[in-house]
Structures are given as C-alpha cells and as structure tokens.
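The values are calculated or read from the model by the stated rules, or taken from the named source; none is laboratory data. The structure displayed is predicted, hence computed values, not measured ones. Here Cβ is always computed from backbone atoms with ideal geometry, including for glycine, and neighbour counts include all displayed protein chains.
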Amino acid sequence: MSVDAWRLPWQGKMVPHAVIEILRECNITCRACYKNCPPEPPKTLVQIEEELDALLELRRLSSVSLLGGEVSLHPQLCDIIRLIKGKGLCVELMTNGVTMDADFCRSLKDAGLDVIYFHIERGQTRPDLPDTHTGEDLNNLRREKAVTAGRAGLDVGLTATAYPGEIRDIHDVMSLTLDTPELNYLLITLFRDHAGIQSLRGDIRTGFAGSGTPPDASSLQNNTWFAEWVRNEFELEPFGWMGSNMDRDDPRWLSYLIGAVYDGDAAPHIEYIRPSLLEKVSMLIFRIAGRYPMYLEQNQARFRTQLALNGILGGRRRSNRELVRRSGKSGVQLTTKRILFQNPAELTADGQLIHCEWCPDAVLKNGALVPVCVADNVS
C-alpha cells in the first residue's frame with residue numbers, strides 16, 4: 001500500500017465493530033447473496049441480547065451492524081435498536097429499502113438508529129425497479145431513498161457489489177455518493193463466489209481449516225487494483241487499510257476519508273484526507289481510554305477543527321485549508337464521507353481461509369467469531 005495510507009490499529013479485543021444477523025427472511029433476490037442455509041424464525045430480543053453480551057465479552061465494541069435477510073421484516077426492529085443503544089453502542093443497519101418510507105425512517109431514528117445503508121444494485125429482483133433497469137434507474141432510486149432517510153435525520157450510506165467486468169456500476173455509485181449531500185457512506189464489496197466451500201472450522205482468533213474448491217482465479221479481484229482505479233478515476237487516495245491474516249500487506253479492507261463542500265447547485269468541492277500525527281495520537285488516546293471509535297456523527301465544526309489540525313500535523317495542508325475556507329460561507333454544507341472497499345474471504349487450495357486480519361465484520365457462531373461472508377459455511 002501507499003506509504004501515506006494508515007494501517008488501522010484494530011486487533012484482538014480492540015476491534016470496535018461486529019455484526020448481528022437478526023433474521024434470514026428476505027423480500028427480494030440478489031445475485032451476490034451468500035446465504036445458503038434454510039430460513040429460520042427471526043431471533044428474539046432475548047437471543048439478540050445474549051449474542052450482543054457475548055460479543056461484548058470478545059470485543060470492546062463501539063458499534064454494531066444489523067443484517068438479514070432483510071432487517072425491516074423483523075417485527076421488533078425498533079426494540080432491537082433500543083436494546084443496542086442501551087448498551088452505549090452506535091447502531092447501523094443494512095436494508096434493501098423496499099419498505100423504507102418516511103414514516104419508517106423516522107421511527108428508526110426515534111429508536112436511536114445512527115446509520116442506514118441501502119443495498120440497491122443491478123441484478124436485484126425488486127418491486128420498485130423495472131425488470132430491465134438501467135444505471136440511471138438505480139441511481140434515481142438510491143437518491144430517492146437517501147433523501148428520505150436524510151430528512152428523517154439519519155446518516156445514510158449505500159452498499160454495492162463489485163462484479164468482475166462491471167466497473168461502470170461502481171463508477172456510477174461512487175459518483176452519486178460524492179455528488180449527493182445526503183450520502184455519507186459507501187460500502188463496496190468485491191464479488192466472491194463461495195459455492196466451492198464444503199466446510200470450514202475455526203474462528204478469527206485461531207484460524208480456519210476447510211475443504212472444498214477455491215474460487216476460479218479469473219474471478220478474483222483485489223483492493224490494490226481498486227486503489228489504482230480510484231486514483232485514476234476520482235483522484236482520491238486511501239486513508240486507512242487492514243491486511244489479511246496471511247499477508248499484512250494485502251489490503252483486504254481499504255477505506256477513504258473525504259471532505260465535501262456543497263454550495264447550492266454548484267458542483268461539490270471534493271478533497272481526500274491524508275492521515276497525520278493527529279489521527280495516530282487520537283487512536284492512542286482512545287486505546288488508553290479502552291475502545292476505538294467506529295462511527296462519528298456528522299459535525300461540521302468538529303470536522304473543520306480536524307481539518308486544520310490534520311493539515312498542521314502532516315496532512316494535506318493546502319487542500320484542507322481550502323475545505324475550511326469554502327465551508328465558511330453562509331448556507332454551504334461541509335460533509336465527511338467514508339468509502340470502504342472490502343475483499344471477502346476466500347478458500348485456498350490447501351484448505352486455509354484468507355480473510356481480513358481481524359475482520360471487523362464478524363458474527364458470532366457457536367461461540368466463535370467468524371467473517372459474516374462465510375458464516376453459513378462454518379460448521
């Protein structure tokens with residue numbers, strides 16, 4: 001990776017994030033879905049609290065993501081959010097957005113939800129898109145959902161799958177994220193075919209052993225390629241990254257921190273943020289305090305201060321100063337945006353599993369922490 005990108009310090013119990021799958025039922029179909037177990041009843045509040053408490057024993061969490069199936073189908077979704085907020089944690093959820101109208105978004109905000117991610121992409125069969133939908137159709141629906149959730153007071157993100165040979169779709173969703181003031185997050189997951197995995201045993205802390213067939217080499221993608229692509233297409237550089245359990249220099253988790261100023265109908269002014277001594281000292285302070293932050297709500301005054309200090313302590317002083325200058329005008333909006341590329345786990349020919357070194361997106365299965373992308377393959 002570039003020497004300017006920062007290896008994230010999360011490891012062991014100090015990983016600040018985990019995932020809880022609250023149900024398996026869904027109301028659409030997606031070609032990238034990695035769920036391969038039969039439907040089960042939604043988890044109860046008691047089951048979810050037990051799982052959350054077990055995760056808190058294993059990690060010093062600051063946030064939790066809720067996944068399905070489709071989370072909006074859980075009859076106690078707002079109660080689940082209140083339960084997690086009651087533990088002092090931030091809550092994010094992933095949804096296809098089919099049922100998410102203004103009233104639903106307001107009820108989620110009132111329950112304490114922090115971030116909502118909409119999964120809207122090509123190849124889904126869903127009632128709010130034409131069967132032969134275009135990139136424009138996708139972005140129109142994404143924008144509509146983002147505006148609705150943003151008006152309810154939620155931080156909003158998108159998720160998308162990067163399929164081999166379909167880079168135009170990733171260009172479309174990244175452009176929309178940068179151009180739209182209501183969109184603050186984008187999670188891009190590289191496509192991975194796990195159909196060849198027959199079985200897996202183990203957990204993130206001790207490692208995995210498995211059997212089956214590795215994915216076809218022609219389908220494998222990597223974040224080193226995507227970092228170069230983002231550099232060429234958008235002139236952005238990564239902020240932080242995390243290696244794999246087998247190669248700490250293989251960026252399985254690649255994140256971008258971006259400042260954007262919106263001034264009426266003018267094109268937004270976009271600058272990437274380079275890590276500096278400020279962030280490294282801040283993380284040391286958080287570590288001493290007991291846990292790292294994962295989610296920070298939008299705060300224009302705080303971000304302006306961060307930009308100024310970051311520039312002084314080794315960041316991009318000139319571009320940071322320009323963001324601060326432009327955001328000082330009346331009526332403009334300064335936004336922090338985060339874009340993340342994830343390279344999912346893959347089985348090797350000798351039965352090992354390559355995954356993010358400490359996999360922030362881990363779920364609990366049989367008492368073990370496992371990457372969510374292969375949880376159904378773990379026995």
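Among the residues of segment 323-340, at least one is in contact with a His (Cβ under 8 Å, 6 or more places away or on another chain) and closer than 23 Å to GLU182 by Cβ. Residues that are of a type outside the set (D, E, K, R) and within 30 Å of TYR262 (Cα to Cα) within segment 180-216 comprise THR180, PRO181, LEU183, ASN184, TYR185, LEU186, LEU187, ILE188, THR189, LEU190, listed in sequence order.
Test LEU323 against the stated conditions and say whether it is assigned to a helix (DSSP H, G or I), at pLDDT 95 or above and within 30 Å of HIS171 (Cβ to Cβ). Considered against the rule, which asks whether it is assigned to a helix (DSSP H, G or I), at pLDDT 95 or above and within 30 Å of HIS171 (Cβ to Cβ), LEU323 comes out as yes. Of the strands (runs of 3 or more DSSP E) lying entirely inside segment 178-236, the ones with 2 or more residues being surrounded by fewer than 17 Cβ atoms within 10 Å (Cβ to Cβ) and among the polar types (S, T, N, Q) are found at 197-203. Identify, please: which residue in segment 157-186 is under 19 Å from LEU66 (Cα atoms) and polar (S, T, N, Q) and is, among those, nearest to the chain's Cα centre (by Cα)? In this case the residue turns out to be THR159. In segment 146-176, the residue that is surrounded by the fewest Cβ atoms within 10 Å (Cβ to Cβ) out of those that are charged (D, E, K, R) and closer than 20 Å to GLU136 by Cβ is ARG168. Candidates in segment 249-279 are the residues that are surrounded by fewer than 14 Cβ atoms within 10 Å (Cβ to Cβ) and among the charged types (D, E, K, R); of these, the one that is nearest to the chain's Cα centre (by Cα) is ASP249.
Scanning segment 125-144 for residues that are in contact (Cβ under 8 Å) with a residue 24 or more places away in the chain and within 13 Å of PRO181 (Cα to Cα) yields ARG142, ARG143. The residues of segment 75-96 that are crowded, with 21+ Cβ neighbours inside 10 Å and either of a type in the set (S, T, N, Q) or over 16 Å from the mean Cα position of the chain (by Cα) (or both), listed by number, are LEU77, ILE80, ILE81, ILE84, LEU89, THR95, ASN96. Is it the case that some residue within segment 287-297 is closer than 25 Å to ARG192 by Cα and of a type in the set (Ser, Thr, Tyr)? Within segment 287-297 (the criterion being closer than 25 Å to ARG192 by Cα and of a type in the set (Ser, Thr, Tyr)), the answer is no, since none of the residues qualifies.
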